[in-house]
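First up is the structure itself, then whatever we jot down about it.
The values are calculated or read from the model by the stated rules, or taken from the named source; none is laboratory data. All values reported here derive from a predicted model rather than from experimental measurement. Note that we place each Cβ from the backbone using ideal geometry, even for glycine, and neighbour counts take in every protein chain shown. Side chains included, ligands, DNA and RNA excluded: accessible areas come from the protein's heavy atoms. Shrake-Rupley method; radii C 1.70, N 1.55, O 1.52, S 1.80 Å.
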Amino acid sequence: MAEPMTELSTRLIKSSNIIYMDKHGLSFDFAPQDVAVQEEARRLGARVAPLAAEADASSRIHEGVREALRDSGLAGLMVPAAYGGRTDAVDPLAVCLVREALMPASSHLDSLFALQGIGSYAITVAGTEEQRRRWLPRVAQLDSLAALALTEENAGSDLKAVATTVTEKDGRLVLNGRKTFISNAGAADFYVTLAREEDGLTLVLVPADAPGLTVTPSPELLAPHVLGDIEFDSVEVDSGARLGPAGGAMKLVLGTLTVFRVSVAGAALGLADGALGEAARHAARREQFGRPLARIGPVAQLLADAWTDVEMVRLLTYQAADAARRDPAAALTRSSMAKVAATEAACRVVDRCVQVMGRWGLVQGSPIERYYRQARPMRVYEGASEVLKLGLARELCGV
């Protein structure tokens, strides 16, 4: 039985671009460098796959996965070439394609890759030259892990409710407060931290070894994740640790979202595609009532609906990522659409695929069982579906 048709394998050359086309005619133009990075990511995913069950069950950094990502050089996509990265600027389409390839191999690998950009992007766009030269080459080489500390007990989707404070005293910035459910907490080498400064919000670059900064584990999630709560007890950093102007944090946070939100759609697409591949292979090989499952009507319907979801999401995700490459700020609405569509579809697809596989879809530690647990949190982080839909409705109606 051939691999599922979601594998984009047939290549046609057209001017300077490569068109990926499956045997049913779906195509999308990629430049040669996009194809190359996609293939690199697939090779990395294949290398890490034997470690995935162990890594994805861990709430600590898996050093084998970290080493594989470091060796690949793909973390360099998160840093401009001037500071040791691979492209002149962070490329949302390249990041999206990589996450699509990494997520079905290992959610731990995908998270480790993504957080290098999410945690460092504010340094790229608003850091001083000294900050960029100190941190960005280390981010690109995976010598330093990055983290973005936004969320608090009473500030999730509503970041304006942040209560962590930063005050300036004698040329120093002093932070007090608590951040919760912070990805990479306890493993990161620095935290780009959102804090209230007088009447506005400011981003501050805080090294992980700053005196007064402590990390405790967050509650375990249904899909294990490197996660922790951070306490700032009169943590002092130099006044030059601000990223951008005092009170200018929301512009930088929004800037991070404009570049990286669509990559969540890429990861969700990869997860859904991986689940569909598992279910399609099972349905082709497993026989019941004298025929393959794929030829039993209700099962066929589940597979067809799942495949349709995957390909709809693929088109919207690639379109949004391409738009974000050209103008991230102008593409935020479409990136939000892609994030909502892809994460919601991933949950539908994985649920159908578990149903297709029956008891084999329930085996703990199997790829499909991991996909099932990993899909659900994606509808919550980096913009819960309901919050993003509210913004989309306002944009549509102009209110």
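Cross-link candidates for Lys160: which aspartates and glutamates have Cα within less than 13 Å, leaving aside residues fewer than 8 places away along the same chain?
Glu152, Glu197, Glu198, Asp199
Add -39500 (n - 2.57) for each DSSP H run of 4 or more in the chain, then divide by its residues: what number comes out at 222 nm, to the nearest 500 deg cm²/dmol?
Dividing the helical sum by the residues of the chain leaves -15500 deg cm²/dmol.
When the chain is fully extended, how far beyond the present Cα-Cα distance does Leu390 get from Arg133, taking 0.36 nm per residue of separation?
88.6 nm
What FRET efficiency comes out for Ser58 versus Gln301 if R0 is 35 angstrom and r is the Cβ-Cβ distance? Round to the nearest 0.05.
In this case the efficiency is close to 0.40.
Starting from the coordinates of the alpha-carbon atoms of the chain, obtain the Kirkwood hydrodynamic radius over all distinct pairs and give the value in Å to one decimal. Numbers along the way, then the final one.
Values: mean 1/r = 0.0461 Å⁻¹.
That comes to 21.7 Å for the chain.
Region 319-367: D in µm²/s via Stokes-Einstein (Kirkwood Rh, Cα pairs, 37 °C, 0.692 mPa s)?
257 µm²/s
Go ahead and set up a Gaussian network model of the chain, Cα springs under 10 Å, then flag whichever of Phe181, Phe260, Phe289 fluctuates most.
Comparing Phe181, Phe260, Phe289 in the GNM, the peak value goes to Phe289.
Looking at the chain, do any whole DSSP H helices span at least 27 angstrom along their long axis by alpha carbon and average 0.5 or above on Kyte-Doolittle, and which?
Helices meeting the criterion: 249-285.
Pick out which of Ala101, Ala268, Ala280 has the largest mean-square fluctuation in a Gaussian network model of the chain, springs linking Cα atoms closer than 10 Å.
Greatest mean-square fluctuation among the candidates belongs to Ala280.
Please give the direction-averaged projected area of the C-alpha convex hull for region 129-220, in square nanometres with one decimal.
Projected over every direction and averaged, the Cα hull of region 129-220 covers 6.9 nm².
Starting from 0.36 nm per residue, how many nanometres of slack lie between Arg373 and Thr167 once their C-alpha separation is accounted for?
Extra length from Arg373 to Thr167 when fully extended: 70.1 nm.
For the chain, which whole-number percentage of the solvent-accessible area (1.4 Å probe, protein heavy atoms only) is attributable to carbon and sulfur atoms?
With neighbouring chains kept in place, the figure for the chain is 53 percent.
Output the pairs from Lys251/Lys339; Lys169/Lys251; Lys179/Lys389 with a Cα-Cα distance over 23 Å in this structure; if there are none, say none.
Correct reply: Lys169/Lys251; Lys179/Lys389.
How large is the convex hull of the C-alpha atoms of region 295-395 per residue, in Å³?
Given the Cα convex hull of region 295-395, per-residue volume reads 108 Å³.
GNM, the chain, Cα, under 10 Å: largest mean-square fluctuation among Glu152, Glu311, Glu386?
Residue with maximal mean-square fluctuation among Glu152, Glu311, Glu386: Glu386.
Given a cut-off of under 8 Å on Cα pairs at least six residues apart, what relative contact order in percent is computed for the chain?
15 percent
Restricting things to alpha carbons, find the Rg to Rh ratio for region 205-252 using the Kirkwood radius for Rh.
On the way: Rg = 14.1 Å, Rh = 13.1 Å.
Rounded to two decimals, Rg over Rh is 1.08.
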